[in-house]
1. Need the full-extension length gain, GLN118 to ALA237, defined as separation in residues times 0.36 nm minus the C-alpha distance. One decimal, nm.
2. Full extension from GLN33 to ASP193: what is 0.36 nm times the residue separation minus their Cα-Cα distance, to one decimal in nm?
3. How would you rank 441-450, 427-436, highest first, on the average number of other Cβ atoms within 10 Å across their residues?
4. At 1.4 Å probe size, with the rest of the protein present, what percent of the exposed accessible area of segment 117-192 is carbon and sulfur atoms?
5. For the ranges 69-76, 401-408, what's the packing order if you count other beta-carbon atoms within 10 Å of each residue, average per peptide, and put the highest first?
6. Over the chain, what is the mean sequence separation of C-alpha contacts under 8 Å (at least six apart), divided by residue count, expressed as relative contact order in percent?
7. What's the center-to-center distance, using Cα atoms, between segment 416-431 and segment 144-187 in Å?
8. For the pairs LYS219/LYS265; LYS265/LYS495; LYS219/LYS495, note any where the Cα-Cα span goes beyond 21 Å.
Amino acid sequence: SDARGYIVPIREERMPHAILDGLDDQRQIAARQRFASYPWVTVAHAARRAYHSHPALSHLLGRTGRVSADDLRDDPDRDDPFARRRSNERVGKTGVEWAAERTLRGRRGRLRTNRRQQVVEDAPAAAGRDVTLTLRLDLQIALYELLAERLPIVAPESPGGAIVVLDVASRDVLAMVSHPGYDANAFSNLYNDLRDDTRTTPLRFRAVANCYEPGSIVKPLTCLAGFGAEILDVDTAFNCDGYYDREHYPSSYRCWASRGTSQRKAHGDVRVADAIAGSCNVFMYHVGDRLGPHRLSNYFDMAGFGRTTGTGLREERSGINPTPSWLMSERNQRASRGHARNFAIGQGELVVSPVQSANLMALYASGVSSGVTLIRDRPPNPAWRLPIAPAAWRAVREGLFRVTNDPAGTAYVTAHWAGGGYALCGKTGSATTFPAPTHYRVDYTDASGDAQHAIVPAKVKSHARDAFRREHPDAKFDRASDVHIERVWPPPKPKGGGERHAHAWFAGYLQPVDTDGAPRLDLQPPVAFSVLVEFGGSGGHTTGPIAKDIARIITETLGEGLDPDGYGEGAS
């Protein structure tokens, strides 16, 4: 009985308790028929998931959860009695579990008989089908462990990072790593800790869900746009004295400063390959100025910026291609040549995800723009070749080779690597940013009228308000003025120090080379990749050394020819 003396049912009395499990589909149907006249007997469909325990796979494989009202509302099979979702079932919520839900799910069956026990309907159940990923399990795990080992050393303030590896020809995803991860089998027990860890945000699928300014990895695309618009040819040169226009813009539109100093790099007269190898901002400012925001954003669109890549993952974000119409509608700004200069060096409103940056490198390597493939047996992604002359492609690829293989290249010291008939080519990038909130303070009045405050772990104010309201439903507070940022990470840089926080990029590919180390630019690189370290600082110093290890691991894992279907565990 309850506290008032009434006899009330105990919840467990009405709950079904399993006495037998493991029935196959046909036995489930037979059991339903046999026990149909016994209301206290329930035959319920159930699914059991056993995940690979390595944290390298937690985000990618995803998880299931109880069917919600939204799941029922958005059910694509709601008109099919054999496939529709039911409120007591589980459904894919994230990762491949969500992307391949309908394939994995299967269909219920039904057997009906008349009074003479003659079968009048026999709709057999169909088990869910297997889903095969393009992923290389051995490569995925090795690259996750690389980040786990290196990040605390090279970037101790970094909350995490991501690595994406693509087969250039097919655009198959060979690895899609987000660090940190977790053991998917222990998700329920770990959830509260994972949710409240707002410093490293282990629930974020960084490879597809986080977007960042690309920095200098977009500079080759700026040059390709210049070639396509016929404002550049291989002999076009601009002079860099460290400033785009010293007279009118003495404190902006400058070339990059040498590490630890305020001394601006002066490259002199540079052409396309020189500008890419030396990462010359001033050259790119001139190209962006002549292109203007319309033509530059058109080439960003050709490269896939501003839309998802085709993984099918629920978490994947499209990033931002800041077209003139986007700038007007979202920022109330008229697109200017100043915008184009910033976009030309990968700064401003332009943001991309790690999977988009790896795909950009596959574009540089092949000349073909296409989406990517994660789940096999899906329709192929449309692909098209950019209308760029062969000589222009050669100049861009020569520049990317020189970045890491010419002693004058910006990443030669930290990222020069060659082995197995391949050389690492690519581009570093540093995208300036600011510390991110990790906790909010909520000032409120409790039920007794006393002023109180609470510290809530959250990345954004709206999440802090919602979390606080769940814990303190009767508290009074102003949603606008009583919620403040309490803590950020990393700690802010000292004022006046001249140094800002930055995310660190390296994006590249493995170029076939001759025995003497000369690039075989007539041969298409087989593998492209990107690595992103949040708050890693300099791309060259932080991600350059990691890129060398990635190149080594790729060649050791895939073997001679870098065949993703051979020499190892293969797709999984």
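1. 34.2 nm
2. Between GLN33 and ASP193, full extension yields 53.1 nm more.
3. 427-436, 441-450
4. Of all accessible area on segment 117-192, carbon and sulfur atoms account for 48 percent.
5. The packing order, highest mean first, is 401-408, 69-76.
6. Once divided by the residue count of the chain, the mean separation gives 16 percent.
7. After rounding, the separation between the Cα centres reads 18 Å.
8. Those over the limit are LYS265/LYS495; LYS219/LYS495.
The values are calculated or read from the model by the stated rules, or taken from the named source; none is laboratory data. If you're wondering where the values come from, they're calculated on a predicted model, not measured in any experiment. Cβ coordinates were reconstructed from backbone atoms using ideal geometry, including for glycine residues, and neighbour counts include every protein chain displayed. Only protein heavy atoms, including side chains, enter the accessible area calculation; ligands, DNA and RNA are left aside. Shrake-Rupley method; radii C 1.70, N 1.55, O 1.52, S 1.80 Å.
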